[in-house]
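Read the structure below first, then the notes.
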Amino acid sequence: MKTSLTHRVRVEIDLAALKRNYTKIARKAHPAQVLAVMKANAYGLGVGEYAKALAAAGCRMFGVAEPFEALELVNAKSLSGLGCEVQILSSILPDEIPEMVAAGVILPVTGLESAKLISAAARRLKKTAKVHFKIDTGMGRLGILSEDAITVMKAVEALPNLDCEGVFTHCPMAYDPKDVYTKRQIARFKRLVKEAEEEGMTFRKVHMAASDAINNFPETLKAPFNVVRTGINLHGSFDPNGRRVFALESVLTLKTRVAQVRMLPAGTTLGYGRTWCLKEPTLVATISAGYADGLPLALANRASVLIKGKRCPVIGRVSMDYTTVDVSDVPDVAAGDEVVCLGSSGSETITPDDWAALKGTHAYDIICSFGSRVQRVVASRDGET
Ligand SMILES: Cc1ncc(COP(=O)(O)O)c(C=O)c1O
């Protein structure tokens, strides 16, 4: 049945802000190119519109975690004819290889065995498969161990139907600009690229930096590096610990609506656990969003939401669908009014980074946690898309 109802909770993604963020990152990285990391459906925000906006801003490289994400981008009409490349950054399983090679997705080589399967699939398909060597210089998650890398890369280079275009690695600690482990990783990876060169292997793409290293390790933007991968910075967020080398805008606004407004007497306790007791008669609004929508429990009795440009403290525990807020300072608040949980209203702003600090986590966790009933809407604060 068709409905004219609007979703109670929506996240609006400002594509103009996204493009401005991309442009700032691209300028900082230049001459290195920017690969936009779109994994987990663009960190849960909706890959299609994201990729379209980034392509309009000049992005031609997109990174994902697994085949379904890759196919979504390969099949995106908005990218067709632009010469965009889609790359799986993490791992590839044997049964996934043929379809990914057929689709022209750039694949990670995490060992000789997977490279042999990619080569064989490409041969059967009469294609050349583009691959990037994924080297584990200290992430401890996936890839070829750096001590084995030269041997494995030489063996893979000898396989038919492969274009070994790139080599890359990833850092676990690059949010700390003084981190010695990352410095060693950078030195190790550079040495490896040099050794590979001495063995006659050159790569058109060499990359290491994700958002953290872009901000904290400028050497990862310069030769031999010529690509940087960024995800969280595109959204306008940063790791809580590191440097921020540019001012980026948060691209998202999480909104809901007031469900009910009541004047409650002193002594009323609010919600599960009865964690808040009103000291005086208080105007309380119950807003229509809770932890199922991505509001962390950590907001309880510590954070605020914005109604009509005013900060309204969260009082009582966040429940699955509803949250109670003190609206004593908001004139004429009524059921149905807009509530900005994340974003700006009047002169006030609340960012995913603010919530991350309250929850003791990082912005990735906040952005990836919006629930399935939260409507994703693209918008443009300045009218440009
Ligand atoms: C291999 C790889 N590169 C790049 C990124 C992007 O990281 P960020 O969002 O911190 O820029 C990730 C994300 O986890 C990743 O796994």
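Is it fair to say Asp212 is open to solvent by 40 Å² or more (accessible area, probe 1.4 Å), acidic (Asp, Glu) and within 16 Å of the ligand (Cβ to nearest atom)?
No, not satisfied.
Quick one: what pairs do we get from the stretch 229-243, first residue outside any loop (DSSP other than H, G, I, E, B), second within 8 Å of the ligand (Cβ to nearest atom) and of a type in the set (Gly, Ala, Ser), C-beta under 9 Å, 6+ apart or different chains?
Here the result reads Arg229/Gly63; Arg229/Ala210; Arg229/Ser211; Thr230/Ala210; Thr230/Ser211, each pair linking the stretch 229-243 to a residue that is within 8 Å of the ligand (Cβ to nearest atom) and of a type in the set (Gly, Ala, Ser).
Conditions (1) open to solvent by 40 Å² or more (accessible area, probe 1.4 Å); (2) within 23 Å of Val37 (Cα to Cα); (3) under 28 Å from the mean Cα position of the chain (by Cα), marked per residue:
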{"site": "Ser78", "(1), (2), (3)": "yes, yes, yes"}
{"site": "Gln87", "(1), (2), (3)": "no, yes, yes"}
{"site": "Glu96", "(1), (2), (3)": "yes, yes, yes"}
{"site": "Val105", "(1), (2), (3)": "no, yes, yes"}
{"site": "Lys130", "(1), (2), (3)": "yes, yes, yes"}
{"site": "Lys134", "(1), (2), (3)": "no, yes, yes"}
{"site": "Asp148", "(1), (2), (3)": "yes, no, no"}
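Which one is farthest from Glu338 (Cα to Cα) among residues in the stretch 284-307 that are of a type in the set (A, V, I, L, M) and in a strand (DSSP E or B)?
The selected residue is Val284.
Being under 21 Å from Asn226 (Cα atoms) and either in contact with a helix residue (DSSP H, G or I) (Cβ under 6 Å, 6 or more places away or on another chain) or more than 14 Å from the ligand (Cβ to nearest atom) (or both) narrows it down to one residue among Glu72, Glu49, Glu113, Glu85; which is it?
None of the other options fit; the residue is Glu85.
I need a count of the residues in the stretch 225-282 that are of a type in the set (Val, Ile, Thr), open to solvent by less than 20 Å² (accessible area, probe 1.4 Å) and touching a Leu at 6+ places or on another chain (Cβ under 8 Å).
Residues meeting the conditions: 6.
Scanning the stretch 215-240 for residues that are near the ligand (Cβ under 10 Å from one of its atoms) and among the aliphatic types (A, V, I, L, M), which turns out nearest to Arg191 (Cα to Cα)?
Across the stretch 215-240, the extreme among qualifying residues is Val228.
Looking at the stretch 88-110, which of its residues are away from the ligand (no atom under 16 Å from the Cβ), part of a loop (DSSP other than H, G, I, E, B) and touching a residue at least 12 places away in the same chain (Cβ under 8 Å)?
Ala103, Gly104
Quick check on Ala65: is it away from the ligand (no atom under 16 Å from the Cβ) and either of a type in the set (Gly, Ala, Ser) or under 30 Å from Gln185 (Cβ atoms) (or both)?
no
Only residues that are under 21 Å from Phe133 (Cα atoms), in a loop (DSSP other than H, G, I, E, B) and not aliphatic (A, V, I, L, M): list them for the stretch 169-187, please.
Across the stretch 169-187, the qualifying residues are Thr169, His170, Cys171, Pro172.
Could you please tell me which pairs satisfy a Cβ distance under 8 Å, a separation of 6+ or placement on different chains, a first residue in the stretch 23-45 that is more than 12 Å from Gly58 (Cα to Cα), and a second residue that is among the basic types (Lys, Arg)?
Ala32/Lys222; Val37/Arg229; Leu45/Arg376
The values are calculated or read from the model by the stated rules, or taken from the named source; none is laboratory data. Because the structure is predicted, anything quoted here is derived from the model rather than measured. So basically every Cβ, Gly included, is an ideal-geometry build from the backbone, and we count neighbours across all protein chains shown. All accessible areas refer to the heavy atoms of the entire protein, side chains included, with ligands and DNA or RNA removed. Shrake-Rupley method; radii C 1.70, N 1.55, O 1.52, S 1.80 Å.
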